[in-house]
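The structure under discussion appears below in the form of structure tokens.
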Amino acid sequence: MLEYKELKHILHSIEYSIHNLENSLDKYSKCLPESEKLEIIAQIQNYNDIQIKIETLVDEMKAKAT
């Protein structure tokens, strides 16, 4: 299993990716075709789902450590 620090690093990377995707969507929303907008939204949702799973793992690791 991944160590706590590795999970935190992955979580940070995912948060950064979500932020970049959201900014891109906001910035280019008017010129993107609807299909690409939907693809970006789906990708953001996938990252959000992964983020929640990693946060759960981090919380479980914290609980086991105490």
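List of remarks:
- Reach of residue 27 by Cα under 15 Å, taken over aspartates and glutamates that are not fewer than 8 positions away in the same chain: 36
- Inverse mean reciprocal Cα-Cα distance (Kirkwood Rh) of the chain, Å: 13.2 Å
- Rolling a 1.4 Å probe over the heavy atoms of the protein chains gives the chain an accessible area of 79 Å² per residue.
- Distance-filtered residues of the stretch 34-66 - backbone nitrogen under 11 Å, label point 7 angstrom along residue 7 Cα→Cβ: 53-65
- Converting phi to 3J(HN,Hα) with the Karplus coefficients 6.51, -1.76 and 1.60 and the offset θ = phi - 60°, the stretch 53-66 yields 5, 5, 4, 5, 4, 4, 4, 5, 5, 4, 5, 6, 6, 9 Hz in sequence order, with x at every glycine or proline.
- Helix-only mean residue ellipticity at 222 nm for the chain, each DSSP H run of n ≥ 4 adding -39500 (n - 2.57), per residue, nearest 500: -31000 deg cm²/dmol
- For residue 30, a cut-off of 17 angstrom between C-alpha atoms picks up these aspartates and glutamates, skipping any fewer than 8 places away in its own chain: 22, 39.
The values are calculated or read from the model by the stated rules, or taken from the named source; none is laboratory data. Keep in mind that what you see is a predicted model, and the values were worked out from it rather than measured. Because the Cβ atoms are built from the backbone with ideal geometry, glycine has one as well, and the counts that use them run over all protein chains shown. These area figures cover heavy atoms from the full protein model, side chains too; ligands, DNA and RNA do not enter into them. Shrake-Rupley method; radii C 1.70, N 1.55, O 1.52, S 1.80 Å.
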